[in-house]
Amino acid sequence: MAKRTTSTGRRAASNKPYAGSLGEMLDDAGFEPLGRRIKVSDRGGTQLPSPPKWFDPVVEFLWAALPDLAANHWDHLYIDALQSACQALVALGQAVLDGSGGIKVNPEPALPSILPRLDDVATVIVCLAAQVSLLEYRHFTGARDRPSPTGLRRPNIRADHGSGPAYLAPEAFRVFESLDLILGARWTERAETIFWRDNPSEWGLDFTKDRRFIRALDAALATVPDDIAEKIEKTAVITEESIVEWLQIAPKTKTREDALKSLRFWSSHSLDRVFHRRWRLDCGWLSVEESVRTLLIEYDALSINMRRQFAARYLPQAPFLNG
């Protein structure tokens with residue numbers, strides 16, 4: 001899975017206007033193109049509760065930004081930001097899996113009874129916007145790398161609350177405002193820890209030294225639930241049996257060292273999954289019930305850095321887990 005494509009060019013201009021980018025496909029599925037308000041089917045006659053203010057702008061933005069490679073079919077192309085966007089649309093009740101790695105419009109879209117976490121939704125929007133060049137990070141004072149500004153669009157969002165300057169495309173303003181990420185062409189306080197999760201290199205952030213991160217680390221170490229402790233401890237153990245099984249299915253040229261390298265990589269990946277699903281900065285460890293509301297964001301830099309710092313102190317016998 002790729003975090004972000006390597007292209008540095010701008011997003012290709014679309015022949016479709018942003019507000020109506022789904023056209024007749026969404027009309028047929030029960031959407032209204034004007035104003036992009038979601039319309040739930042009239043069948044059944046039951047008035048559903050009103051969605052939160054961010055719901056419609058988020059759904060609109062996700063559909064418009066995802067690549068629609070075929071009629072009524074959107075694919076994540078094995079790019080993390082796109083995969084998370086597809087997952088978000090399913091969690092928001094607006095899409096269903098199509099069985100081939102992508103999604104299609106839910107023929108009966110509805111507000112789900114359990115909404116995904118707002119911080120996860122905001123992170124998905126930020127990562128997706130950056131992926132498709134609707135959000136372009138610019139050099140932040142103090143960052144080591146200083147790319148040439150030649151050919152770049154001038155930033156229109158000023159640095160504030162620990163977040164650096166950026167260019168945000170006009171069609172993305174509505175969704176960023178609905179999530180309280182921008183106010184008066186500046187980043188809000190709420191946006192800061194959302195950007196920790198995307199961790200743009202242009203800003204040179206080191207949030208691991210921030211007191212909020214350090215407090216959260218101390219709390220995570222002190223309050224590990226039993227079921228999570230069991231999962232974590234399993235990831236630290238690579239058995240001889242696992243090594244033998246790996247070598248049995250690997251090419252004959254592979255060695256024991258190759259087996260250990262691979263098994264250690266997957267152990268780190270498994271521990272990342274624990275943090276992706278069961279830990280958040282503001283809440284600490286989540287219960288199984290609370291984790292239902294999380295969205296899986298594979299390259300969540302905040303969770304990955306917390307896993308590394310946590311493992312260094314909680315599992316000193318497994319140094320491969322803190323790398």
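Restricting the search to the range 76-120, which residues are in a helix (DSSP H, G or I), out of contact with any helix residue (DSSP H, G or I) (no Cβ under 7 Å at 6 or more places or on another chain) and either at positive phi or not charged (D, E, K, R) (or both)?
GLN83, CYS86, GLN87, VAL90, ALA91, LEU118
Looking at the range 222-238, which of its residues are within 14 Å of LEU286 (Cα to Cα), hydrophobic (A, V, I, L, M, F, W, C) and touching a residue at least 60 places away in the same chain (Cβ under 8 Å)?
VAL224, the sole residue that qualifies.
Would you tally the residues in the range 183-193 being surrounded by fewer than 22 Cβ atoms within 10 Å (Cβ to Cβ), of a type outside the set (S, T, N, Q) and at negative phi?
So the count comes out to 5.
Would you check which residues across the range 209-253 are open to solvent by 90 Å² or more (accessible area, probe 1.4 Å) and either farther than 20 Å from PHE275 by Cα or not basic (Lys, Arg) (or both) and list them? Please lay out each step first, then the result.
To start, the set of residues in the range 209-253 that are open to solvent by 90 Å² or more (accessible area, probe 1.4 Å) comprises 209, 211, 215, 226, 230-231, 233-234, 237, 240-241, 245, 248-249, 252-253.
Once the filter is applied, which keeps residues that are open to solvent by 90 Å² or more (accessible area, probe 1.4 Å) and either farther than 20 Å from PHE275 by Cα or not basic (Lys, Arg) (or both), the range 209-253 yields ASP226, GLU230, GLU233, VAL237, GLU240, GLU241, GLU245, GLN248, ILE249, LYS252, THR253.
Could you go through the range 228-241 and let me know if any residue there is polar (S, T, N, Q) and assigned to a loop (DSSP other than H, G, I, E, B).
Yes, the range 228-241 has at least one match.
If you take the residues in the range 251-292 that are assigned to a loop (DSSP other than H, G, I, E, B) and of a type in the set (D, E, K, R), which one is farthest from GLY323 (Cα to Cα)? Explain how you work it out, then say what you get.
The initial filter retains those residues of the range 251-292 that are assigned to a loop (DSSP other than H, G, I, E, B), namely 251-255, 281-283, 286-287, 292.
Filter again for of a type in the set (D, E, K, R), leaving 252, 254, 282.
On the way: LYS252: 28, LYS254: 23, ASP282: 24 Å.
Among them, the one singled out is LYS252.
Here's the yes/no breakdown for (1) at pLDDT below 80; (2) touching a strand residue (DSSP E or B) at 6+ places or on another chain (Cβ under 9 Å); (3) under 19 Å from TRP54 (Cα atoms):
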site	(1), (2), (3)
ASP68	yes, yes, no
LEU89	no, yes, yes
ASP98	no, yes, no
LEU111	no, yes, yes
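The values are calculated or read from the model by the stated rules, or taken from the named source; none is laboratory data. Note that this is a predicted model, so its numbers are computed, not measured. All Cβ positions, glycine included, derive from the backbone under ideal geometry; neighbour counts span all protein chains shown. Only protein heavy atoms, including side chains, enter the accessible area calculation; ligands, DNA and RNA are left aside. Shrake-Rupley method; radii C 1.70, N 1.55, O 1.52, S 1.80 Å.
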